[in-house]
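Visitor: Dumping the structure here so I can ask a few things about it.
Read-outs: derived from the displayed coordinates by stated rules, not from any lab. As the structure is a prediction and not an experimental result, all values here were calculated from the model. Methodologically, a virtual Cβ is constructed for each residue, glycine included, from the backbone with ideal geometry; neighbour enumeration extends over all protein chains shown.
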Amino acid sequence: MKVAFAALAAVASLPFAARAQAAWERRPAETPAPQTAREALQQARAAFEFQDYPAVERLLAPMVVQIDNPLLRAEAYRLLGTTRFYMGKNNTAADAFTELLKLEPDEELDPFYVSPRAIAFFDQVKRAKEPELRPIREQRQREAEERRRAAEVEQAARRKRDQEDEARRLAALRPPTILERRVVQREFWVSLMPFGIGQFQNGDQSLGTALATSQIVAGATSAGSALLIEALRDRSTGKFQSGSYNIARNLQIAKWVSAGAFYALWIGGALQAAIKFKAETSARDLVLPSAAQPGLPPEQPPPAGPR
């Protein structure tokens, strides 16, 4: 059984050994001391690839806190923690992995570049630090949600600005609108005419029709009554016979009542037309056709309404 486990471990370590051998064969010449934290990280990457773990620790340990970029600082702690684990410094490796998890609470080591033992140790540290990582993870989620909402607001504002800019561009390219305004002029004396003529001039069709119908009926009744009265009169004596006198009297009453109604309607309609009279009014404006430029939407006429 022990032989089988040893064989299995040897097979699992073959990819890492092969990469280590290739890296050792590609190792560079002596490099100058780094001047900045980023240079130290760059040299540490190369040293880690060559499995020069003491050099990785020497480069990153004093410089990792000086890296201002969070992603680069997380990478530096990942290299430093893995390096210390390979060197057998589990306590300081756990410290480096803890700092990495504070930056990236959901970090997972890549099994293609890191040995299974190092991944198991990292997962152990991650589980132990979960109470500390949970509020960090929740804070990251809130910040991500706030960034998403801010991005949506910015996108909506940008879309609105683009639409306004496009509208201004089209307005600048569109030829000027030509409007035709028709002005209707009226005469005051028409308001004094009977049969609702003043109402028709003012645009009050329903009242004009009612007055015209009423006055025609009243006038026809009065004129008809007068004609019937004369037809009942005896032409030789100019008097009414005894049988037609009462009829003539009733027709006389109808004649004067109808005449009074006719003149009352005339006077009332004239007064109403005079009160509502306007010398000028504007009809609906019309948009005259113009040479629209290609690609522009057609001009819409303004809405109808009183002027």
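Visitor: Provide the gained length on full extension for the span Arg235 to Arg158, in nm with one decimal, where the gain is 0.36 nm per separating residue minus the Cα-Cα distance.
Guide: Once the chain is fully extended between Arg235 and Arg158, it gains 17.8 nm.
Visitor: Please give the length that would be gained between Glu187 and Gln66 if that part of the chain were fully extended, namely 0.36 nm times their separation in residues minus their C-alpha to C-alpha distance (nm, one decimal).
Guide: Fully extending the segment from Glu187 to Gln66 adds 34.2 nm.
Visitor: Exposure proxy check: Tyr53, Tyr245, Tyr263, Tyr77 ranked by fewest other beta carbons within 10 Å?
Guide: The order, fewest Cβ neighbours first, is Tyr245, Tyr263, Tyr53, Tyr77.
Visitor: Find the relative contact order for segment 184-287 and round it to a whole percent, using C-alpha pairs within less than 8 Å whose residues are 6+ positions apart.
Guide: Value for segment 184-287: 43 percent.
Visitor: Would you list which lysines come within 16 Å of Lys129, measuring only between C-alpha atoms, while excluding same-chain residues fewer than 8 positions from it?
Guide: Reachable lysines: Lys102.
Visitor: Round to the nearest 0.05 the FRET efficiency obtained for Arg134 and Asp95 when R0 = 30 Å and r is the Cβ-Cβ distance.
Guide: Numbers: r = 20 Å, r/R0 = 0.65.
Rounded to the nearest 0.05, the efficiency is 0.95.
Visitor: Now for a different question. Fully extended, how many nm does the chain gain between Ile253 and Gln141 (0.36 nm per residue separation, minus their Cα-Cα distance)?
Guide: In short, 30.4 nm is gained.
Visitor: For segment 189-202, what does the Karplus curve 6.51 cos²θ - 1.76 cosθ + 1.60, with θ = phi - 60°, yield as ³J(HN,Hα) per residue in whole Hz, taken in order and with x for Gly and Pro?
Guide: 3J(HN,Hα) across segment 189-202, in whole Hz: 5, 5, 5, 8, 6, x, 6, x, 5, x, 5, 4, 5, 7.
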